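Quick note: the coordinates plus some simple rules give every number you see, no bench work behind them. All of these numbers come straight from a predicted model, not from anything done at the bench. Cβ placement follows ideal geometry from the backbone for every residue including glycine, while neighbour counts extend to all protein chains displayed.
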Amino acid sequence: MEQRFNGHYAPAIETARGCPFTCGYCVASNSWFKPVIRFSTQRIKDELTYIAHRIHKYPEVVLAIYDTNFGMYKRDVEIAEHLSLLQDEFGWPNSFDVSVGKTNMDQIFHICTLLKNRMPLAASVQTLNPKTLEVIKRKNLPMSKYYEIQNERKKHGFFSQNEFIIPLPEETKESFFNGVSHIIDAGADVIIPYTTMLLKQTPLATREYRKKYCLQNKFRIIPRQFGEYQEEKCFEIEEVCVATNTLSFEDYLDCRGFGFVCAVFFSDQFDIIIRHIKEIKLNYFDYMMKLWDVVKSGNTITSSIYHRFMEEAQQELWESREQIYGYFTQPENYQKLLIGELGDNLVRKYKAQIIIEAEADAFEVVYALLGEFGASLINEKTKQSLQAAKQWVIAVRDSIGVFKNRDLLNSVKILELPFDIMAWYNQKNDLHPLITFDQPASYKIYYDLTKIQNLLDTAENIFGDDVYYQIGKYLAYSSIKNFWRICEPCNTHFKLP
């Protein structure tokens, strides 16, 4: 048996016969690394059953599986089968914090099916730049294989997220966007660019790499990782890279800004836009680049939140650990951490702000761009159908009634449209374009009060009173769909000839 530690493999040994601990020797640091607890599959299943008995009253609680390659081994299937039984019996777990393996995809797809498509498929491509991959000694799947996996994923309706790391050696702004373009073309659901961490005892943190690639470092507080212990304020701090000799700090900020736009507009909340783009036959990456420009240069509520994100993306960076301690140990600045004004995960924080403060505004922005960007491809009937779709999606998905004005939770809305948007949206395989659903439709739209109240109560119990933090954390592992209004047709379902 082998253990991997800091990029080096070393044999694992047992500390004693029958002991659940194993440890290994790290060549890089010339030391033994921490013991790893290994339990039998049956014990894991028993503990999951124990948890389910006690947590099922809170179905939105996330199950975290801290195996960075879950799904690759036979016992993972057995664990997934047991989790599926727990889902049937207890209605839990409904969401997962887990990273799956990169190979044995047939088995991973099988596990996703067992878990009722509630486990995300995360693919850490990190970069698609060949020069960078060579420097960091990484080999990605060939793009042809990646496209094949994405096509298979779509057939099963599985959700996937794709992770990049920026900046890495030899990466440029152009190569980063080129890589994102390929991933979008392959049908990615979510794209998440992470800032490069300079972890101790890794090649990137060595003097050699720092000097060779001109790695510009900064320091920041790890999101929400601070506290006061024995009357002393303590902060978990990470060192990050924000520029190289091929990618400037300004380019890094641009990549972060585009990544934030992707995080917002690749979410379930805007899946209808992807459907429109496909029907109109627009290039999705080109649309996202244009949307980024519109958000940057606009004077909408969405643009205002974007600029707040960009401002804090710079403010969170410090020259040294000492600067962080010097600033945040002051009582008035420490209070900013306590109330979440500073020190949070920025994508999570500002994505929640758009959902809570600017959802209708964001839909106005994307639909206006659809009309402008696809002007040469859209006729008058298509314009009318898009206008109807915008009215429908705002009525169903604008969450202000959940988070800002609870009085709206009891409201019932009747929406009448010249196109049956709901029938089009719910059709399987997207066989018929929206303009073919040109029949007047009437809908009754309202909230599931019991469900929404349970969601809000659970979020508050777990994450505290800050609604922005609650929703940001909740949406990291669960779908915004749970907060949508119920939409019921008041007339006969649309039927195609």
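General observations
- What the Cβ-Cβ distance of residue 436 and residue 416 gives, at R0 = 22 Å and to the nearest 0.05, is a FRET efficiency of 0.70.
- Only DSSP H runs of four or more residues enter the estimate; each adds -39500 (n - 2.57), and after division by the residues of the chain the mean residue ellipticity at 222 nm equals -14500 deg cm²/dmol.
- If a spin label sat at a point 7 angstrom from the Cα of residue 444 along the line to its beta carbon, the backbone N atoms of the range 412-433 nearer than 15 Å would be those of 412-416.
- Of the two radii for the range 168-313, the radius of gyration is 1.04 times the Kirkwood radius, both from the alpha carbons; that is the Rg over Rh value.
- Computed FRET value (nearest 0.05) for residue 200 with residue 97, which takes r as the C-beta separation and R₀ as 25 Å: 0.50
- Fully extending the segment from residue 407 to residue 143 would add 90.0 nm, taking 0.36 nm per residue of separation and subtracting the current Cα-Cα distance.
- Residue separation of residue 239 and residue 74 scaled by 0.36 nm, minus their Cα-Cα distance, works out to 55.6 nm of gained length.
- Every Cα-Cα pair in the range 388-497 was counted, and those over 17 Å apart are 58% of them.
- Kirkwood estimate for the range 111-193, i.e. one over the average of 1/r between Cα atoms, Å: 13.4
- Mean-position separation - Cα centroids, the range 128-148 and the range 349-398, in angstrom: 35
- Label-point separation, residue 463 to residue 327 (7 Å along Cα→Cβ), nm: 2.5
- Scalar couplings 3J(HN,Hα) for the range 189-200, obtained by applying the Karplus form with A = 6.51, B = -1.76, C = 1.60 to θ = phi - 60°, are 7, 9, 10, 10, x, 9, 6, 4, 9, 9, 7, 4 Hz; x denotes Gly and Pro.
- Within the range 40-248, DSSP assigns beta bridges of which about 45% are antiparallel (rounded to the nearest 5).
- Expressed in Å, the radius of gyration and Dmax of the Cα atoms of the range 259-397 are 18.6, 62.
- The slack between residue 47 and residue 297, meaning 0.36 nm per residue of separation minus the straight C-alpha distance, is 84.8 nm.
- Under-5 Å amide H pairs with residue 237, H placed in peptide plane, nonlocal only: 222
- A simple spin-label model places pseudo-atoms 7 Å from Cα toward Cβ; at residue 250 and residue 217 they are separated by 2.6 nm.
- Cα-based equivalent ellipsoid, the chain: semi-axes from gyration tensor eigenvalues, Å: 39, 29, 25
- P(r) of the range 106-156 over all Cα-Cα pairs, binned every 5 Å from zero, in whole percent: 4, 17, 23, 20, 15, 11, 7, 2
- Counted over the chain, the DSSP beta bridges are approximately 70% antiparallel.
- Computed FRET value (nearest 0.05) for residue 338 with residue 488, which takes r as the C-beta separation and R₀ as 35 Å: 0.20
- Sorted into 5 angstrom bins from 0, the C-alpha pair distances of the range 40-248 split as 1, 6, 12, 15, 14, 13, 14, 12, 8, 4, 1, 0 percent.
- Site pair residue 134 and residue 379 shows an inter-label distance of 5.2 nm when each label is modelled 7 Å from Cα along Cα→Cβ.
- At most 16 other Cβ within 10 Å, DSSP loop - GluC sites (Glu not before Pro), the range 279-387: 319, 341
- Applying a DSSP loop filter and a limit of 16 other Cβ atoms within 10 Å to the trypsin sites (Lys or Arg not before Pro) in the range 339-425 leaves 404.
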